[in-house]
Amino acid sequence: MSTMKYVLIAVTLLALGTAAQAQHDLQFNINYNVNIPSGSFRDFIDKPAYKGFTAGFAYPINDQLRVGLSAGYNDYYQKFPRQVYSEGSGSDISAVVSNSVQQIPILLTADYTLTKKGFVRPYVGVGAGVNFISLDQYLGEFDDPHTNGKLAVRGEAGILIPLSSWKATALRIGGSYNYAPYNSYGINNLSNWGIHAGISVPIH
Amino acid sequence: MHKKIIRLTLGALLGMTLLNSCKKDPLNNLSNDESRIYITNYDTTASFSAYATFGIADSVDYIQDNQFVGRDRTTFDSTAVTVVAQMMQQRGYQQVAVKSNPDLAINVSRVYNTSTGVFSYNDYWDYYGGFYDPYYWGYPGYGYYAPYAVGVYSIQTGGLEIDLLDLKNAASNNNKIKALWTGLARGEQVFNSANAASQVNALFQQSPYLKK
């Protein structure tokens, strides 16, 4: 029994040592996202974007704080039934309107894990950078595409679930608010709420 | 480690590119009917109830890149002309022969613009006298003029254009034949004869003010 106890202590210490080492490796994370339009974005599209992902690197400053770079992609689309739109001054257009928005936010990020250890480790994060936006409105088959680079700011919170005690690989689940100013078609922002699930792996 | 970072970065970029290429293409989710748009414009100063009769050209002008190509009367053309006349009668106007001094003239055109990639109503209107000789309506020496314009839309295909012109007041409008109402249908299969009636109908439906 005492031998087993020593073996367990030795294995635990070894695992902790590896984990401490692993926690200082650069992390790569990739997440699947679902994003839900908010604010005046909903006047253009109110359906969630089910095609979305985020990928990024995070460099650990210490056991809890990481800074990094993140890139994301979200595809929003909505088709509206035929309707007559009055353009004023006697002009009316009847059309099936299809709205399409793709956002690619490239952000500098910082994540802070609230606990150093634990089966579930809550974290909060912020990011800021450039949002590459492709916005297109189709009247029937005729479109009017716009491409812009705008500010993007993200705040997020979630949990990390380490897959084992001796590796820094963890599941990453959380939600975010993505602030995305814009100014066209009477829309002043393309901000959205997001939920994400993914994995964070160390790079040795 | 650097190689791994490069591989992961390239993988992420590739994934993003692939995702972007399989973005939902709105055009793939449109039926031919949904692809079509109907644009109407009218002179907001006009009193449509002040007119009683109309005449309509029984053939359709074929206009390519602002050039008059010729007059035609395909199944589509005759259906469009017939339905326009029916709609006008339903709105309380009486059809008379073209040479019987109608209050209103109606021209129906098939407009194709392929060289510029852009359809501008003003371009079409600038050349209008070349498509429709005012003599046809019994107004030799008169010009045409539209008091309004529609926006500019991308175009690769043609459009069905219907123009309602004020002959009654042509002399008092400084010898100008003024456009009172214009209707434009554009989109997939716009010149399919099976769609002619529904397209004309759509243009009149969104113009409830156009009545005696």
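The values are calculated or read from the model by the stated rules, or taken from the named source; none is laboratory data. What you see is a predicted model; the values in this text were computed from it and never measured. Don't worry about glycine lacking a Cβ; one is built from the backbone with ideal geometry, like all the others, and counts go over all protein chains shown.
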- Query: If we keep just the residues of the range B:153-192 that are at pLDDT 90 or above, closer than 24 Å to B:Asn32 by Cα and touching a Ser or Thr at 6+ places or on another chain (Cβ under 6 Å), which is surrounded by the fewest Cβ atoms within 10 Å (Cβ to Cβ)?
  - Reply: B:Glu161
- Message: Condition check: under 15 Å from A:Ile104 (Cβ atoms) and surrounded by fewer than 16 Cβ atoms within 10 Å (Cβ to Cβ). Does A:Leu190 satisfy that?
- Response: no
- Within the range B:28-72, can you find the residues that are of a type in the set (D, E, K, R) and either part of a helix (DSSP H, G or I) or within 14 Å of chain A (Cβ to nearest Cβ) (or both)? B:Asp33, B:Glu34, B:Arg36, B:Asp43
- Note on the structure: Checking A:Ile203, A:Ile195, A:Ile106 in turn, the sole residue that is surrounded by fewer than 22 Cβ atoms within 10 Å (Cβ to Cβ) and either acidic (Asp, Glu) or under 17 Å from A:Tyr76 (Cβ atoms) (or both) turns out to be A:Ile195
- A:Leu163, sole failed condition from (1) within 21 Å of A:Asn33 (Cα to Cα); (2) of a type in the set (A, V, I, L, M, F, W, C); (3) touching a residue at least 24 places away in the same chain (Cβ under 8 Å): (3)
- Note on the structure: Exactly one of A:Ala152, A:Ala128 is under 19 Å from the mean Cα position of the chain (by Cα), surrounded by fewer than 19 Cβ atoms within 10 Å (Cβ to Cβ) and closer than 26 Å to A:Pro48 by Cα, and that one is A:Ala128
- Residue satisfying all of: in the range B:73-104; part of a helix (DSSP H, G or I) and small (Gly, Ala, Ser); surrounded by the most Cβ atoms within 10 Å (Cβ to Cβ) among these: B:Ala80
- Check whether at least one residue in the range A:61-79 is surrounded by 14 or more Cβ atoms within 10 Å (Cβ to Cβ), not in a strand (DSSP E or B) and not acidic (Asp, Glu), and report yes or no. yes
- Note on the structure: Picked from the range B:178-212 (must be among the hydrophobic types (A, V, I, L, M, F, W, C) and touching a helix residue (DSSP H, G or I) at 6+ places or on another chain (Cβ under 6 Å)), the residue farthest from B:Gly129 (Cα to Cα) is B:Ala197
- Please enumerate the residues belonging to the range A:48-75 that are more than 8 Å from chain B (Cβ to nearest Cβ), touching a Lys or Arg at 6+ places or on another chain (Cβ under 7 Å) and not polar (S, T, N, Q). A:Ala58, A:Tyr59, A:Pro60, A:Asp63
- Message: If the requirement is being closer than 23 Å to B:Ala46 by Cα, modelled with pLDDT of 75 or more and either part of a strand (DSSP E or B) or within 14 Å of chain A (Cβ to nearest Cβ) (or both), which of these qualifies: B:Tyr144, B:Tyr124, B:Tyr148, B:Tyr139?
- Response: B:Tyr144
- Give the range A:76-119 a look and list any residue that's within 8 Å of chain B (Cβ to nearest Cβ) and aromatic (Phe, Trp, Tyr), or say none. A:Tyr77
